[in-house]
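> After the structure tokens below, expect a handful of questions from me.
Just so it is clear, none of the values below were taken in a lab; they were calculated from the coordinates. The structure displayed is predicted, hence computed values, not measured ones. Neighbour counts are summed over all protein chains in view; Cβ atoms, including those assigned to glycine, are modelled from backbone coordinates with ideal geometry.
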Amino acid sequence: MPPVPAAARAAVLKLASFTISGGAAYIAERLEIGRLAEEQMDKMDVAQAEEIIVSICGRELRAITFLGGALGFVIGATPLIMRLAGA
């Protein structure tokens with residue numbers, strides 16, 4: 001396989017950088033995703049919107065609780081490990 005020319009490599013890296021850094025925001029702005037979401041929420045009844053919000057919040061809160069427990073374990077276990085290691 002022949003080597004990739006430097007100019008082609010630079011162009012691909014520039015495109016990838018654009019896509020990652022600002023491309024998604026540009027696309028979201030052009031598609032007016034916020035307005036579309038607002039219109040869809042306006043079409044829903046209150047109970048349906050509440051169900052969606054509670055399900056999303058519940059999922060996020062479970063992740064926060066799990067990460068908090070893991071962090072607490074690490075912080076709590078560190079002094080014990082240091083004491084056992086004789087530090």
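> Using +1 at the Cβ of each Lys and Arg and -1 at the Cβ of each Asp and Glu in the chain, identify which of 71, 17, 82 lies farthest towards the dipole's positive end.
Of the options given, the answer is 82.
> I want to check the label-to-label distance for residue 14 and residue 45. Put each point 7 Å from Cα in the C-beta direction and report it in nm to one decimal.
5.5
> Turning to a different aspect of this structure: Go through segment 68-83 residue by residue and turn each phi into a ³J(HN,Hα) via Karplus (6.51, -1.76, 1.60, θ = phi - 60°); whole Hz please, and just put x for glycine and proline.
Values per residue, Gly and Pro as x: x, x, 5, 5, x, 4, 4, 5, x, 7, 4, x, 5, 5, 5, 5 Hz.
> Restricting everything to alpha-carbon atoms, can you work out Rg to Rh for segment 45-87 with a Kirkwood hydrodynamic radius?
Values: Rg = 18.7 Å, Rh = 12.9 Å.
Result for segment 45-87 is an Rg/Rh of 1.45.
> What's the Kirkwood radius of the chain in Å, using all Cα pairs?
On the way: mean 1/r = 0.0532 Å⁻¹.
About 18.8 Å for the chain.
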